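Working notes for the structure below.
The values are calculated or read from the model by the stated rules, or taken from the named source; none is laboratory data. A quick note: this is a predicted structure, and the numbers were derived from the prediction, not measured. Here the Cβ is made from the backbone with ideal geometry for all residues, glycine too, and neighbour counts use every protein chain on show. The area values use the complete protein model at the heavy-atom level, side chains included, leaving out ligands, DNA and RNA. Shrake-Rupley method; radii C 1.70, N 1.55, O 1.52, S 1.80 Å.
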2 protein chains.
Amino acid sequence: MDKDSEKELVGVKEIARRAKVSIATVDRVLHNRSGVSEKTKAKIQAIIEELDYKPNILARRLASKKVLNLAILIPAVSQETDYWNAPLTGIIQAEEEIASYGVKVNKYFFDQNDKGSFVQQANFIVDSNCDGVLLAPMFIEESKYFIQNCISKGIPYVFINSDVPEQNSLCYIGPNLYASGYLAAHLSGFLVADTDQILIVNISKEIDNHHHLLRKEEGFREYFSVNNRSNDIFKIDIRQTAYESVKASMQKALENKNIKLIFVSNSRVSSVARFLEESHITGLKVIGFDFLKENIDFLKKGTIDFLICQKPIEQGYKGIMTLYNYLVLSLEAEKVYYMPIDIITKENYLYYRN
Amino acid sequence: MDKDSEKELVGVKEIARRAKVSIATVDRVLHNRSGVSEKTKAKIQAIIEELDYKPNILARRLASKKVLNLAILIPAVSQETDYWNAPLTGIIQAEEEIASYGVKVNKYFFDQNDKGSFVQQANFIVDSNCDGVLLAPMFIEESKYFIQNCISKGIPYVFINSDVPEQNSLCYIGPNLYASGYLAAHLSGFLVADTDQILIVNISKEIDNHHHLLRKEEGFREYFSVNNRSNDIFKIDIRQTAYESVKASMQKALENKNIKLIFVSNSRVSSVARFLEESHITGLKVIGFDFLKENIDFLKKGTIDFLICQKPIEQGYKGIMTLYNYLVLSLEAEKVYYMPIDIITKENYLYYRN
DNA sequence: ATTAATTTCGGTTACGTACACGAAAGATAA
DNA sequence: TTATCTTTCGTGTACGTAACCGAAATTAAT
């Protein structure tokens, strides 16, 4: 049972009384508006300091009638993959939670396979007047350009899902790609012997996106190198994401080899699993990414052994909340927030929360 | 870019205007207080329905000057294990978040090895006047008695960390013990061959607590049974938690056997790891529970291979928030909220969030 | 010294809801 | 009918902060 000293919550009124000024004046220094002499300003600030005054958020939001406009720019959910459903879900969750606090989230979507749509939507955001941006910087150069516009308008922005370092974003929320590749390799280590052959599969159409996969591959290879494991590691890049294309590439890749484990560097792992199943190839271990329905189906059946996932819903949720905390509560954000690297198996997927 | 219809946020004032009554009358039906004729009550309710009125939480908390008193009853952090630090951290986090909403959390702690202290603290809570209780029902009968008191006073209660089913709690937040044991077995399956011997170690002083460990053991054994794995599985119960006692028991247990994997059914796994290290026993795989500093140290060194963890901080956080949501926002809670079963290894522990 | 311009500050209302208090309307009894 | 009681409802103030508007104090210009 705690008996710590009950701090009486003081408000502007008490501060005004002690400083022998009106609450309006206190309000002015709180928002460092002009119109207060240096002397009284100092006096009031001292009292604020002394009393450890914390403004009442409720009263503040209630009295301030202006609504906060946030904008998000993320890929649209396509028929190819519904990965971005998850971050969007988190974004909507956050929106509902803070809607009554006068926050509105305007949603803009672009086509992952079309840089033009990204630029177009980004321009819409620039033209709208918003107070903060949540962005999936999938196209690096275009993102940098967009950011320049934000900076010149004084709009803070948060990166989600993939980072563009050195761009002075409020924060980055997403995976540490390298580390997740490294972990995948560790899990692989349990599944194969030193003499077994390993295949890395990168499936991605857009070159920018491909870049992210390479980071995972580096981490993956690093593990085997650091631990002096001498497995043969092959790799293929598949640049057409349709199943037929994956199938053809996989057939070729497995020819005349004795691959024992396949590492698919993104959520497209279900295509590979489907191929293995349809070809009646068994005895192969498979590791991939993301908690998608198709992937889980194969996980249940044992075609996929491990999925690595990084809480996409929470990424969206935290992205919005970071902007809210910064703009409304004026809390500073962690510059980099790496999401936990979750391991999903047949046995724990039921309890997983994105 | 969404263009859904902007719902104008309406308040009691608008409702009052439409119903041609005063806001006080609207307020009365909102809180279904007495003093309103059935006719006007029906009229007002219809309008509320039609307009899909959502009360403004900020204004509500601001105007209502009564503070909400929550009580928690959890084990004290002992020198033996600081596991309960984590839930407490989450509880404090939640408290800070909602403190400005007029919520206060009163903390009561009991000694895990002393039922009497549990009863005593529970009585303190009953005598205090609180509006909700968060409880770790470690001692089953005593908890049931406590709950009876809560029910008779109309106080809602939430279970955390371990469940007592059929007690009509607002909700249970914590692990699915059986499933986590099952997962541990699955991971073990990767680490051992069919001919290897396995040792299950239960370390716990209190019998009630022991009961929880058995659920994990069941899940563990079930996996091997379901998958027709024929490993010899031995087991020991250690009823004294001090290291010397663990050491003696372990020495005896390993004698004349060829154990290849040890499954420790709770967070005491570091004692076992310490024993192995001091005895220079290598080549043994170890699986245990919980993200504690001692455990992580051994994980880093490779003495422990896997830790299973179930977000104790979040358990505390969610426990308080569930009460808050129920009492303040009158949101119903999920009856059972099983925490995700997280797998922690050398490679991902850095990114783990409790 | 007087006026004008500027800086500094206080009074006041508003945000959406809760609730005490008292007034009006209706019901009952004489 | 009038008096009394009960039910039903409206007025007004408060919660802690934001911000407008105008007043007082200070400074600058004549």
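Please state which of the following conditions A:Ser180 fails to meet, knowing it meets all the rest: (1) open to solvent by 30 Å² or more (accessible area, probe 1.4 Å); (2) farther than 20 Å from A:Leu73 by Cβ.
(1)
Scan A:Ile91, A:Ile72, A:Ile44, A:Ile23 and give me the residue that is closer than 27 Å to A:Tyr324 by Cα, β-branched (Val, Ile, Thr) and not assigned by TED's automatic domain parsing to the domain that holds A:Tyr157. Let's see the steps before the verdict.
Values: A:Ile91 fails: not assigned by TED's automatic domain parsing to the domain that holds A:Tyr157; A:Ile72 fails: not assigned by TED's automatic domain parsing to the domain that holds A:Tyr157; A:Ile44 fails: closer than 27 Å to A:Tyr324 by Cα.
Every option except A:Ile23 fails the conditions.
Can you tell me which condition B:Asp52 does not meet? The list is (1) away from every other protein chain (no Cβ under 14 Å); (2) away from DNA strand D (no atom under 11 Å from the Cβ), and all the others hold.
Answer for B:Asp52: the failing condition is (1).
Across region A:35-59, what is the total count of residues that are surrounded by fewer than 10 Cβ atoms within 10 Å (Cβ to Cβ) and within 7 Å of DNA strand C (Cβ to nearest atom)?
Total satisfying the criteria: 4.
Taking only region B:301-329 into account, find how many residues are in contact with a helix residue (DSSP H, G or I) (Cβ under 8 Å, 6 or more places away or on another chain) and within 13 Å of chain A (Cβ to nearest Cβ).
Number of matching residues: 13.
Can you tell me how many residues within region B:296-312 are assigned to a helix (DSSP H, G or I) and surrounded by fewer than 20 Cβ atoms within 10 Å (Cβ to Cβ)?
Let us first name the residues in region B:296-312 that are assigned to a helix (DSSP H, G or I), namely B:296-301, B:312.
Next, only the ones that are surrounded by fewer than 20 Cβ atoms within 10 Å (Cβ to Cβ) stay: B:296-297, B:300-301.
The qualifying residues number 4.
Suppose we filter B:Asp131, B:Asp111 for residues that are without any contact (Cβ under 8 Å) to a residue 40 or more places away in the chain and farther than 20 Å from B:Asn354 by Cα; which single one remains?
The unique qualifying residue is B:Asp111.
Per-residue answers, yes or no, for (1) part of a helix (DSSP H, G or I); (2) free of Cβ contacts under 8 Å to residues at least 12 places away in the same chain; (3) out of contact with any Asp or Glu (no Cβ under 6 Å at 6 or more places or on another chain); (4) within 14 Å of another protein chain (Cβ to nearest Cβ):
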residue: A:Lys257; (1), (2), (3), (4): no, no, yes, no
residue: A:Phe291; (1), (2), (3), (4): no, no, yes, yes
residue: A:Leu350; (1), (2), (3), (4): yes, yes, yes, yes
residue: A:Asn354; (1), (2), (3), (4): no, no, yes, yes
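Is it fair to say B:Ile320 is in contact with a Gly (Cβ under 8 Å, 6 or more places away or on another chain), in a helix (DSSP H, G or I) and touching a residue at least 40 places away in the same chain (Cβ under 8 Å)?
In short, yes.
Among the residues of region B:272-284, are any of a type in the set (Phe, Trp, Tyr) and in the same structural domain as B:Ala86 (by TED's automatic domain parsing)?
no
When the residues of region B:84-105 are filtered to those that are open to solvent by 40 Å² or more (accessible area, probe 1.4 Å) and over 15 Å from B:Ala136 (Cβ atoms), which remaining residue is nearest to the other protein chains (Cβ to nearest Cβ)?
Only one residue fits best here, namely B:Ser100.
Under 6 Å between Cβ atoms, at least 6 apart or on separate chains: pull out the pairs that start in region A:56-76 with a residue that is within 11 Å of chain B (Cβ to nearest Cβ) and end on any residue that is open to solvent by less than 60 Å² (accessible area, probe 1.4 Å) and basic (Lys, Arg).
A:Leu58/B:Arg61; A:Val67/A:Lys104; A:Ile72/A:Lys107
Could you say whether any residue in region B:75-85 is in the same structural domain as B:Cys150 (by TED's automatic domain parsing), aliphatic (A, V, I, L, M) and away from DNA strand D (no atom under 15 Å from the Cβ)?
For region B:75-85, residues in the same structural domain as B:Cys150 (by TED's automatic domain parsing), aliphatic (A, V, I, L, M) and away from DNA strand D (no atom under 15 Å from the Cβ): present.
Out of A:Phe220, A:Phe224, report the one residue that is open to solvent by less than 40 Å² (accessible area, probe 1.4 Å), without any contact (Cβ under 8 Å) to a residue 40 or more places away in the chain, within 14 Å of chain B (Cβ to nearest Cβ) and of a type outside the set (S, T, N, Q).
A:Phe224
Out of the residues in region B:116-146 that are assigned to a helix (DSSP H, G or I) and open to solvent by less than 10 Å² (accessible area, probe 1.4 Å), which is farthest from B:Val328 (Cα to Cα)?
Taking region B:116-146 as the starting set, the residues that turn out to be assigned to a helix (DSSP H, G or I) are B:116-127, B:140-146.
With the extra rule that they be open to solvent by less than 10 Å² (accessible area, probe 1.4 Å), the set shrinks to B:118, B:122, B:125, B:143, B:146.
Numbers: B:Phe118: 28, B:Ala122: 24, B:Ile125: 20, B:Ser143: 25, B:Phe146: 24 Å.
Among those that are assigned to a helix (DSSP H, G or I) and open to solvent by less than 10 Å² (accessible area, probe 1.4 Å), it is B:Phe118.
State all residues of region A:330-348 that are part of a loop (DSSP other than H, G, I, E, B) and either under 21 Å from A:Ile287 (Cβ atoms) or at the interface with chain B (Cβ under 10 Å from one of its Cβ atoms) (or both); if no residue qualifies, say none.
A:Met339, A:Pro340, A:Ile341, A:Thr345, A:Lys346, A:Glu347, A:Asn348
Take A:Asn32 and decide whether it is open to solvent by 60 Å² or more (accessible area, probe 1.4 Å) and in the same structural domain as A:Tyr317 (by TED's automatic domain parsing). Steps first, answer last, please.
Numbers: open to solvent by 60 Å² or more (accessible area, probe 1.4 Å): yes; in the same structural domain as A:Tyr317 (by TED's automatic domain parsing): no.
For A:Asn32, the condition - open to solvent by 60 Å² or more (accessible area, probe 1.4 Å) and in the same structural domain as A:Tyr317 (by TED's automatic domain parsing) - is not met.
Any idea which of A:Ser78, A:Ser100, A:Ser117 is within 13 Å of DNA strand C (Cβ to nearest atom) and of a type in the set (Ser, Thr, Tyr)?
The unique qualifying residue is A:Ser100.
Suppose we keep only residues that are among the polar types (S, T, N, Q) and at pLDDT 90 or above within region A:33-83. Which one would you say is nearest to A:Gln121 (Cα to Cα)?
A:Asn69
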